[in-house]
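The values are calculated or read from the model by the stated rules, or taken from the named source; none is laboratory data. Everything numeric in this text was worked out from a predicted model, so none of it was measured. Positions of Cβ are generated from backbone atoms using ideal geometry, with glycine treated the same way; all protein chains shown enter the neighbour counts.
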Amino acid sequence: MKKFYWGVSTSSAQVEGAHDQDGKGETIWDYYSKRGAIYNGEDCFTTCDCYNRTAEDIELMKKLGVNAYRFSLAWARMMPKGYGEINQKGIDFYSKFVDDLLAAGIEPFVTVYHWDMPLPLFEQGGFSNRDIIYKMEDYASLVGKTLGDRVKYFAIFNEPECVVDFMYRHPIHDGVELPRSRQETFEAMHNILLCNGLATRSLRAAASSDVKVGIVSATDVCVPNTPKDVEAARIATFTPREDLLFDNAGFLDPICFGRHYEPLIKKFELDTSFIKEGDMEIIKCNPDFIGSNIYTGTTVEFDQNKNVVKSKVSPNSAYASNLRRFVPESVYYGPKFLSERYNLPVYITENGVALSETLDKDGNMNDDSRVEYIRTYLEQVDKARKDGVDLNGYFYWSMFDNFEWKAGFWPRFGIIHVDYDTFKRTPKKSFYKYQEYIKQYKTELD
Ligand code: BGC
C-alpha cells in the first residue's frame, strides 16, 4: 500500500484564541462574537489558547502517534487588514510552528482559508466583491513565500460550499444581513472560484519547493443500500441538492474541468452572462489533490423504475449523536467517487462526531460512542485502501473540543477534552483508541 497520513485536524479561529495578540487583526468571527451572534453569547476570543500552547500540543500529537497535522492560517494574523501591511509576528508564529512540527516528524497540512475573513474585507463586500480575488492572490503569495520552502501540502479553501451558505444564502448573523438570492450567491461562488484559481497559482509560484496545492470540499456522500445500488449512489452523489445552491460538483467541476456544473446552472436557472472572458481559465487550476470532509452519508437505491431514491433506513439510535448520523460507508464511497470522477488523490481531511460530554468524577472521559464511530469508520478507510481507492490520508476532526462556529462550545468534537477556563487538556478514551487503531492499520510506509 502507498504512504498514508494519519492525522488530526483543527482551524485557526476554532482553536487559536489570542484574538488580539501580537498584532492580529479582527476577523468576521471576532465581529460575530462581539455582536452576540454566537450561541449563548459565547465568543472565539480565547477558545483552546493553542496560539500560546504549541509545545504542549505537539507533545500530545507525538503521544497520539499521528504523522500529520492539519491546521489553518489566520489571514488576519499574517495581514491584519487582509491586504497591505504584513504582520511579521504572525508569520514568525506559523513559521516556528511548522519547524516544530517537522522536528517532531509531523507533516503540516496547511489550510490557507478556513472561514476567518479579515473584517475589513467583509466590510468591502467579502466574496461578493470581485476585488477580493487580487487580495487573496497576494495573501497566498505571502504564504507560499514564507512557508512554501518547508510545507508540502496546502489547501486554499476549506469547504467553500459552506462559505457561500453561511455568508450569503443563510447568513449566520441573522438580522444584520439578509439572505442573498441564488443568483447573488452564485456570483459570490464564482468569485470564490476565481480566488482559488489565482491563489493556487500565486502560492505555487512563490514557493521555493515542490508544493502540492489542493482544495478541501464538504462532501455530501450517498452510499448504496445494496451492492446493486452503487451506480445509484454515484448518480446521487453528483446530483444538485434541493435546498442548497452547491453540491459535490459545484466547486470541483469548474476547478478541474474549467466549466461550471451544467445541472446546477439549469436547475436553478442561473444567469452566467456576468462571467468575464478568461475567468474559466483562471478557475481551472489543476489541483494536486482533493481534501474531503465527510461526517455522514445518505443511503440510496434504485426503485423498480430505475429512479434513484432514498432508502428507508433508521438512524442507528444506539449511536445517534447530537449533530450527525453514523454512516461509516461514507468514507469508502466518498473518496472512491471523487477520485474516479476527478482522477486525483483524495485525503479525508475531516471526519468526526460531536457529543455533549462532561468529565466523570475521576476526571476521565469515556466517550464510547465516539470510539465506536472511529472504529467503524476506520474499518471502511482500511477497506478502501485495500480495494485500491486513491485515498492517501485520514484526519480526525478534531484534535480538541473547540469553538464550533455559531453553535459556540456546546458540541464537543475532540478526542481531547478542553476546559475552557483553565485550557487544561484531557485526552479522552477515543484518543487512546485512535492511538491503538493507528498502530493497527499503519503500514511500514506510513
Ligand atoms: C468544518 C469545521 C467544523 C466541522 C464540524 C466542518 O464543516 O470544516 O470547521 O467544525 O465541520 O461541524
Residues that are away from the ligand (no atom under 16 Å from the Cβ) and in contact with a Cys (Cβ under 7 Å, 6 or more places away or on another chain), drawn from the range 288-302: T298, V300
Qualifying residue in the range 247-259 (condition: surrounded by 20 or more Cβ atoms within 10 Å (Cβ to Cβ) and at pLDDT below 90): yes
Whichever residue in the range 106-148 is of a type in the set (D, E, K, R) and within 24 Å of I275 (Cβ to Cβ) and, among such residues, is surrounded by the most Cβ atoms within 10 Å (Cβ to Cβ): K135
Residue tally, condition surrounded by 15 or more Cβ atoms within 10 Å (Cβ to Cβ) and not in a loop (DSSP other than H, G, I, E, B), over the range 264-308: 18
Candidates Y32, Y51, Y69, filtered to the one that is of a type outside the set (A, V, I, L, M), at pLDDT below 95 and crowded, with 18+ Cβ neighbours inside 10 Å: Y32
Selection count where residues are under 16 Å from F154 (Cα atoms) and modelled with pLDDT under 95, scope the range 74-126: 0
Residues (in a loop (DSSP other than H, G, I, E, B) and either touching a Cys at 6+ places or on another chain (Cβ under 6 Å) or more than 25 Å from L193 (Cα to Cα) (or both)) located in the range 209-245: N225, T226
Top-ranked residue in the range 385-411 [being modelled with pLDDT under 95 and closer than 23 Å to D360 by Cβ; ranked as surrounded by the fewest Cβ atoms within 10 Å (Cβ to Cβ)]: W410
